[in-house]
Every structure is written in C-alpha cells, then in structure tokens.
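What follows is a short report on a single structure.
Bear in mind these aren't lab numbers, they're just calculated from the coordinates by the rules spelled out. What you see is a predicted model; the values in this text were computed from it and never measured. Neighbour counts are summed over all protein chains in view; Cβ atoms, including those assigned to glycine, are modelled from backbone coordinates with ideal geometry.
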Amino acid sequence: MSTTSSTGIQVARVGDIDDGEALRVPPEATGHDDAVAVFHDAGAYYALDDTCSHGRASLSEGWIEDGEVECPLHSARFCLESGQPQCMPATTAVRAHRVEVRDGGLWLHLGPGEGAAG
Amino acid sequence: MSSRRRIAVVGAGLAAVSVCDALRAQGYDGELVLFSAESGLPYDRPPLSKDVLLGKARREDVLLRPEQWYTERLVTLREATVVRAVRPHEGGLELADGTAVDADRVVLATGGTPRALPVPGGDDPAVHVLRTWEDSVRLRERLLPGTRVAVVGAGLIGAETAAVAVARGCRVTLVDPVAVPLAGVVGDTVAGALHGRHTTEGIDVITGGVCRLEHPPGGGVVLRLAGQCRSVQADLVVVGIGIRPATGLAEAAGLHVDDGVVVGPGQHTSHPNIFAVGDVARRSGHRVRHEHWEAALRGGEAAAHGILGRPLPEPGASWFWSDRHGSRLEAVGTMADAERTVLRGTPDSGAFTVLGLRDGRLVAAAAIDRGPDIRAARRIVDRGIPVDAARLADESADLRALLKR
Ligand SMILES: Cc1cc2nc3c(=O)[nH]c(=O)nc-3n(C[C@H](O)[C@H](O)[C@H](O)COP(=O)(O)OP(=O)(O)OC[C@H]3O[C@@H](n4cnc5c(N)ncnc54)[C@H](O)[C@@H]3O)c2cc1C
Ligand code: FES
C-alpha cells in the first residue's frame, strides 16, 4: 500500500481519513522506530509518533480537536503541529513529522534524523 | 513570587508531583522539596492492581516521572523521609529525626491508608491490602495457580484484584455486602454488567458481610459471613474496602478536618499557608473525597494556582477509569445526579454507554469499552450543550457531531 520514494512515503489518499480521525501507520511501513499517527483536523493533516510520551497508548485513537490530540488513556494533550505536550500528565514531546498533500495522496516525511525516508 | 522561597510538599504521589509540575509551568522559581515516606522514585498507583499484579510491568515502567524530571525542574526529592509535624505558626515542618525545615507554603499530599477489615481476625497475616509497590509485589508472588483467594470488597481495587487473580489461575471468591457495587456512580446497567462479568469469568461472587476470620487446624483462613451459614475457605485474603485519608498531620496542626482535610477551590486548608491535594483532601461542599487519579492531578494544578494567587482553572466534570477482565470502565460525573438515562449500544455486546441527563443537559456518562463516547460526553457536559435523548440513543449518530458548532 505505501510507496517509499525520496519524496516521502505515501500513507493514504485524500479522503481516506475523515475529519477528526487519524490513521495509524505501522513501523513496518516506514522503517521508523514507532508507528506514526496521521491526523486530519479541520482540513489539515499532521503526523506524530503514535505512542504517547506518558504511557503506551496509541495517539491515533485519541480525540482530535483545535489542533491538538488528547491521549485516550489519561487525557494528556499534544500539539498536532509540534508534538509538544499541552497539559499533564505528559511532560515530554512526541516527535512530529510532516504530511504533504500531493497528487491526491498523503505523503509522510519523517521528522529530522529519523527512519528510512529519503 | 520572589518572597516565596520554599514550598514543601508532604508526600510524593501523583498529587504532589502534579503540584510541582504546575508550579514550574506557572513560573514559580523558588525551592520545591518533596518529602516521601517511601523509598525510590515516586510511582503511579493504578498499575499496582493491573499490570504490576499481572507481572507485566516493572518498577521503571510505572514511575510518575523520569529521574531527569527532578533535576530539570529543580525538584528536590527527599525519599524515605517521614514528616512528623507541620508547624503553621513557625512556618515549616518537622521531620521524623527531629530536623526542622522552613517553608513559606506547605502542601499536604499524604494520600490515604487502606482501611483494615474491622472484624475479629481482620489483622491476620494472610490478609493483604493494596496501596503500595511493596503490597503489589508481595501479593503478586502469592497469586499462584490454584491458590484460593478471597477478595473482600468489590469496588474498584477489589474488582480489579479479583480479575487479575482469576486470570492468574487462582480460585477466587469475591465478597461484598452490596449486591451491585458502584451502582450509585455508574448506574445500575453498567454496574450490573460489570459485576455480572465476574461470574462469567469464573469468580464465585457472594453478597454478604464478613464478620470474622478464623484459622482452621488444617491451614488457610475461613471467612465467616454475617447471617449466613455459608463460609469462604481461602489461602489468602485481599481487603479492598476503601481508604482512610492520612489526616494525622493536619489534625495535629489544628486544621479543619472532616473526612479529609477540608479545602476550598484553590486547595487552601483552614490555614492560609497550608494546602491539601489528592486523596487526603475533600472539597468543602462536596459530599465525598474524589479518590481518583485525575482528581489528584487536577487538584495539584488547582493548588499551584491557589499558591501563586492566579485565577483557577475551570473545574471540569470528574472522570475515572478501571480495568478488569480485559475491559475498561470509564465514567464522567456521577449517575446519581441524573434524572433519566439513555442507553447507547447493547449491554449484551459487552461494549455500551449509559448517558445521564438532567434538565435537558448531560450530567454523567458511564461506558464499558467505549472510550470515544466518554471523550465526547465529557466535553458535552463541560460545555453545557443541550441534548436530545432520542438523538443520544441513536447509534448511527456520532456523539462528536453534537460538539460541532
Ligand atoms: C491499587 C490502586 C489502583 C488504582 N487504580 C485507579 C484507576 O484505575 N483509576 C483511577 O482513576 N484511580 C485509581 N487509583 C486511585 C489513584 O491512584 C489515587 O487517587 C492517587 O494515587 C492519589 O494520589 P495522592 O498523591 O493523593 O496519594 P498517594 O499516591 O497515596 O501518595 C501519598 C504519599 O504520601 C506519603 N506520605 C504520607 N504521609 C507522609 C508523611 N507524614 N511524610 C512523608 N510522606 C508521607 C505516602 O507514603 C505516599 O507515598 C488507584 C489506587 C490504587 C491504590
Ligand atoms: S498514556 Fe497518554 S496520557 Fe497517559
């Protein structure tokens, strides 16, 4: 399904992820050391490491609203853009990645110094 | 702020650590000292009756904060250091070894201790409680396949412990005087489904009160039940009948204590320089102490604002969770506050939600394995959005749609 290229990894097509939903991209698809959650919030796409920095919950199952995702386990919130924690109990950021919308596809570019993209 | 040079926190559980986090986030740059009666880095308690007891989590997996958090945020942890007294007039504390510690503000975050079974034989060595890391490890070592385990109290910790014990191959009996525990908080339907699940999983569930523990000559323990000729034979007993708030220091300091240290919205006690947070505190005007994880966290945040004299964060609806038999219960608010309830989903499927309404608003929600409903419900409660019962019951409609402007 995912196509690796120097221009990113295609993880989905526009329309595959409803507004307010997220897609979990497993590590096998990216070569990254964590799954990546790709979020759709109010028309924009974002990507963060999927595992919450507080525990072991999957952020792709979190609540997405106003540029933030709330962890399904203990409700820590993270900025979708930067991965920075917005409230307790999380105190460390999750890594942020970039999503490019191109040719009707969603292309994931792993954050600086990470994984196998490029 | 510069006049406040040191804040001393008694206890180092979630509430204590949350106070420190929030104080630093608010820019407090004075000293912060945590006094912990326990040894080692502070840890989180919920896993003690879940993954730790199942043998799936080690101590380093359940730390509240990593070691560098203390150095980065300049929080001094004085582990294995018991505070013996709070001295409001002198402005400070006295440690068990007699040392005096000055502090401008004192935060009591002392939690609670498990209530002992108030019956003859209730202090038997075969009786376990579950509050600390050591309690959990001691119990885990004894939950061996075939062991007869009697759990007294089917509330949150008792129910979780019984579920772990049966998963580990123990023969489990769960005894509670209440036929359907938790019904007041989560409503009859959810409480009934949760409690019924114990039986399906192979736990012998008994409605009754333990009135005496005896030692038969052949070993083990016998639990006698009040008014019943039936008794329970066990190799070990776990008692989960609630906690007593650790109010000793507050009482000795002359603070207002009434089923917990009584606090106002900014967690102030009856003394202006002393604050109380977490399981030990009770909000004045609230009937009960909210002995839950998130209440400890939010109380810590509120105390930081109170200490620094900042406007308080909006208190949201209460929330807690509990894991048993591979399912997750979550609840928002208290179902007893509702005048009518609406069911989403079918209890027979195992996963469903009950929403509690009052005057056309949502006031409570309880769900088994339906996290997204709970997340939406919480926001609907907090934002006071008017709701329509038929629409809430309609499974084809996403609750999130109600939040869209
Ligand atoms: C087994 C278990 C499972 C739980 N599961 C859940 C759950 O699934 N969901 C949920 O919402 N909540 C759960 N809770 C509740 C939640 O963990 C508590 O509400 C929370 O830990 C309270 O934090 P606290 O900081 O107020 O108190 P505590 O965590 O009890 O911390 C108080 C600390 O103060 C120390 N102390 C006391 N007196 C002194 C003194 N004089 N000097 C120095 N130190 C002192 C104590 O030793 C202790 O370490 C669970 C609790 C337990 C015990
Ligand atoms: S695991 Fe995400 S907030 Fe705890």
- Say each of B:ARG212 and A:ARG13 gets a label point 7 Å from the Cα, pointing the same way as Cα to Cβ; how far apart are those two points in nm? 7.6 nm
- Quick one: which residues, 5+ away or cross-chain, put their amide H under 5 Å from the amide H of B:GLY55? H built at 1.01 Å from N. none
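On average, how much area does the Cα convex hull of region B:326-404 cover when viewed from any direction, in nm²?
Mean projected area for region B:326-404: 4.8 nm², to one decimal.
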- Task: Calculate for chain B the 222 nm mean residue ellipticity that helices alone would give, adding -39,500 (n - 2.57) per DSSP H run of length 4 or more and normalising by residue count, nearest 500 deg cm²/dmol.
- Result: -7000 deg cm²/dmol
- Note on the structure: The answer for A:VAL36, listing residues at least 5 apart or on another chain whose modeled amide H is closer than 5 Å to its amide H, is A:VAL25, A:ASP50
- Task: Quickly work out the B:VAL119-to-B:SER231 label distance, labels modelled 7 Å from Cα along the C-beta direction, and quote it in nm with one decimal.
- Result: 1.1 nm
- Roughly how many nanometres apart are two label points built 7 Å out from the Cα toward the Cβ at B:LYS404 and B:ASP29? 4.7 nm
- From the phi of every residue in region B:56-65, what ³J(HN,Hα) in whole Hz does the Karplus formula 6.51 cos²θ - 1.76 cosθ + 1.60 yield, where θ is phi - 60° and glycine or proline is x? 9, 10, 9, 4, 5, 7, 10, 5, 5, 9
- Query: Based on the mean of other beta carbon atoms within 10 Å per residue, what is the order of A:43-55, B:82-94, B:268-280, most packed first?
  - Reply: B:268-280, A:43-55, B:82-94
- Between the alpha carbon centres of region B:78-150 and region B:18-37 the gap in Å comes to 22 Å
- How big is the gap, in Å, between the Cα center of region B:346-392 and the Cα center of region B:162-222? 28 Å
- Item | For chain A, calculated [θ]222 nm from helices alone, where every DSSP H run of n ≥ 4 adds -39500 (n - 2.57) | -500 deg cm²/dmol
- Per residue of A:71-83, how many C-beta atoms from partner chains lie within 10 Å of its own C-beta, taken as a mean? 2
- Task: Could you let me know the centre-to-centre spacing of region B:309-333 and region A:40-96, using Cα atoms, in angstrom?
- Result: 18 Å
